[in-house]
There are 2 protein chains.
Amino acid sequence: MTPEEIAVETIQREMTVFARRARASAGRMHPELSLVSYTLLGHLEESGGRRATDLAAHYALDKSTVSRQVAALERAGLIERRLDPEDHRVQVLHLTEAGREILAQVTRSRRAAFRERLADWAEEDLVRFAAYLERYNAGTSAGTGED
Amino acid sequence: MTPEEIAVETIQREMTVFARRARASAGRMHPELSLVSYTLLGHLEESGGRRATDLAAHYALDKSTVSRQVAALERAGLIERRLDPEDHRVQVLHLTEAGREILAQVTRSRRAAFRERLADWAEEDLVRFAAYLERYNAGTSAGTGED
DNA sequence: AACTTCAGTTGTACTATACAACTAGGTCGC
DNA sequence: GCGACCTAGTTGTATAGTACAACTGAAGTT
């Protein structure tokens, strides 16, 4: 194998390992908020008000899946739906105060876990690694995952 | 935020994105072999004969989960169990010829997907990215995932 | 007004998972 | 050598997340 091939193999293997581990533990680390819920809340916070359909498209989830996730988040009081006055089919989703708090809390704990794991990395390596990951994920579809 | 903090944030975010995407698509890419089954088969091929308990410990899965996965893989004819003559509680798991073939096939298709995704990366970047991922995953536990 | 399209919900089914209870085989202390 | 414990694996039950298909209600289109 050429160095390229070896590197591609390694990337494949390590990404797979990571995905498996993340999947195995995501639910256990933050019982309050599954990985999907966390991601959805984060997305809502960043973008400040999205429709369920947008979320489904963005995360390649079925609209029924998003509908149930959204229902659960609403039941938990973390988001609220506001009917779009212009189009009564549409519900625009917004974080509630409680949602913002939980999100901040989970973000802190996740951030702490990552920071600890990356504690002994040099700044230069962190920056490069981050850039590689962004570049990798920016490629739409394929890989262990698609979009 | 310092550059380190920004980098850590980015790594966290991108790893999360990756994990979510992988989860979403793992089942769809290779209907023959889920991500977990693929990983288990790969592990058996590499290590040539493990007990279900070993697999459970290694992947932090419950033994019941592994038991069912193993049962499915056996039903599909991809692995076989051999009773340990020394200890009749133990079943040593081995790939069958069919298992080896399917594994090789899925490995090829996964590899092709990764290769395509990484096609326009310079060799130097591939090697560095691979090294970073290995380093990241080598840290046991914590992060988005544990072991 | 009749179609068609779109947003979202609900019914149903499947997979991966965990935990707990159980079975069957081994080991050890005395 | 037998009872108390330990270990490998299975099975019952429950849950989460997901998809697909059928449906409801609201908006556009002609």
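Here is how the numbers come out for the structure above:
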{"quantity": "Teacher prompt: residue A:76 distances to equivalent labels in other copies, 7 Å Cα→Cβ, nm", "calculated": "3.2"}
{"quantity": "Rounded to 10°, Cα long-axis angle of helix B:63-75 versus longest principal axis of chain B", "calculated": "70"}
{"quantity": "Rounded to 10°, Cα long-axis angle of helix A:123-138 versus longest principal axis of chain A", "calculated": "60"}
{"quantity": "Environment charge at residue B:71 (Cβ cut-off 13 Å; Lys +1, Arg +1, Asp -1, Glu -1)", "calculated": "+2"}
{"quantity": "Label spacing, shortest first and in nm, from residue A:47 to its equivalents in the remaining copies (7 angstrom along Cα→Cβ)", "calculated": "4.2"}
{"quantity": "Nearest 10 degrees, 0 to 90: helix B:97-117 Cα axis against chain B principal axis", "calculated": "10"}
{"quantity": "Accessible area buried between chains B and A, both sides summed, probe 1.4 Å, in Å² to nearest 100", "calculated": "6800"}
{"quantity": "Copy-to-copy label separations for residue A:5, where each label sits 7 Å from Cα toward Cβ, in nm and ascending", "calculated": "4.6"}
{"quantity": "Protein accessible area in the protein assembly as shown, 1.4 Å probe - carbon and sulfur %", "calculated": "49"}
{"quantity": "Among B:106, B:70, B:127, residue whose mean-square fluctuation peaks in a GNM of chain B (springs only between Cα atoms under 10 Å)", "calculated": "B:127"}
{"quantity": "Total formal charge among the other residues, if their Cβ is under 9 angstrom from that of residue A:12, Lys/Arg +1 and Asp/Glu -1", "calculated": "+2"}
{"quantity": "Cα-based equivalent ellipsoid of the protein assembly as shown: semi-axis lengths in Å, sorted from largest, via gyration tensor", "calculated": "35, 24, 19"}
{"quantity": "Solution diffusion estimate, µm²/s, Stokes-Einstein, chain A, Kirkwood Rh from C-alpha pairs, 10 °C, viscosity 1.306 mPa s", "calculated": "91"}
{"quantity": "Over the protein assembly as shown: helical MRE at 222 nm, DSSP H runs n ≥ 4 each giving -39500 (n - 2.57), nearest 500", "calculated": "-22000 deg cm²/dmol"}
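The values are calculated or read from the model by the stated rules, or taken from the named source; none is laboratory data. Being a predicted model, the structure only gives us computed values, none of them experimental. Note that we place each Cβ from the backbone using ideal geometry, even for glycine, and neighbour counts take in every protein chain shown. Keep in mind that these areas ignore ligands, DNA and RNA; they rest on the heavy atoms of the full protein, side chains included. Shrake-Rupley method; radii C 1.70, N 1.55, O 1.52, S 1.80 Å.
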